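What follows is a short report on a single structure.
Read the figures in this text as sums done on the coordinates, not as results from a lab. Keep in mind the model is a prediction, meaning the values are calculated, not measured. Here the Cβ positions follow ideal geometry from the backbone for every residue, glycine too, while neighbour counts run over all protein chains shown.
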Amino acid sequence: MGQAIGQALPFAVAIALSPIPIVGVVLMLSTPAGPREGIAFLTGWVLALAAGGTALLLLASGGDASEAAGPAEWVSIVKIVLGVLLLRLALRQWRERPRGDAEPELPGWMTAVDSFTPLKAAGMGVLLAVVNPKNLLLLLGGTAAIAQTGVSAGDQAVALAVFIVIATIGVAAPLAIKFLMGDRAGELLGQLHEWMARENATIMAVICLLIGVKLIGDGISALSG
């Protein structure tokens, strides 16, 4: 089980550091219904990761993701493909980063958070957790890393639970700050929002680059081993 957790850990951290979901939660917390919307977003996020991760693990298990000598060949090929896609995404994010005094382009839904209901916030949590292409690729990589270790179904479930907890730290942090600091959290959350919105493209470019290189390296190593 420890091996499964260790293999999936980089992907969970990468999801946790994804700026857009964190910025979204910070914006929700600035509205009158902020805490309720934030909790709803967090609930949708966790449920989506749990459902998506479970489905992917079941698919991988049905496809015999592990063999006696290590990961199945198809898993290594999938890793290389995912790695290439992440490298392409890293290049695009780097090219789209704001330069000079240019304002970063943020998703249009962020301008409508004032009108969000808890249901809409939960739906946005689902979309950003598993429908967002960047997070979906990272979730695929994480579940493939768990499945290829060949541990039992119970150990895979525990590894997935740890993966979800770590992947949720980023979006849970603004809520924790809000509840712990109360009204004093406004300035800190504002600074967090400004920095992450500004550096979103750069952060994601670096994350996608590192994870992409790791996936390609792991895939090639397994195929040539």
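Could you give each residue of the stretch 116-121 its phi-based ³J(HN,Hα) in whole Hz, using Karplus coefficients 6.51, -1.76, 1.60 with θ = phi - 60°, and x for Gly or Pro?
5, 9, x, 5, 5, 5
Check the stretch 2-224 and count each lysine pair with an alpha-carbon distance under 29 angstrom, considering only pairs eight or more places apart or from different chains.
Value for the stretch 2-224: 6.
Nearest 500 deg cm²/dmol is fine: what mean residue ellipticity at 222 nm does the chain get from its DSSP H runs of n ≥ 4 alone, each adding -39,500 (n - 2.57), divided by its residue count?
That calculation yields -26500 deg cm²/dmol at 222 nm.
Pop out the ³J(HN,Hα) list for the stretch 196-213 in order, Karplus 6.51 cos²θ - 1.76 cosθ + 1.60 with θ = phi - 60°, rounded to Hz; leave Gly and Pro as x.
Values, residue by residue: 5, 5, 5, 9, 3, 4, 5, 4, 5, 4, 5, 4, 5, 5, 5, 5, x, 4 Hz.
Could you calculate the contour length gain from Ala161 to Val206, that is, 0.36 nm times the residue separation minus the distance between their Cα atoms, to one decimal place in nm?
Full extension of this stretch gives 13.6 nm more.
For Ala55 and Leu223, what does the FRET efficiency come to when R0 = 25 Å and r is the distance between their Cβ atoms, rounded to the nearest 0.05?
After rounding to 0.05, the efficiency reads 0.45.
Could you give each residue of the stretch 128-135 its phi-based ³J(HN,Hα) in whole Hz, using Karplus coefficients 6.51, -1.76, 1.60 with θ = phi - 60°, and x for Gly or Pro?
Each residue of the stretch 128-135 in turn: 6, 6, 10, 8, 3, x, 5, 5 Hz.
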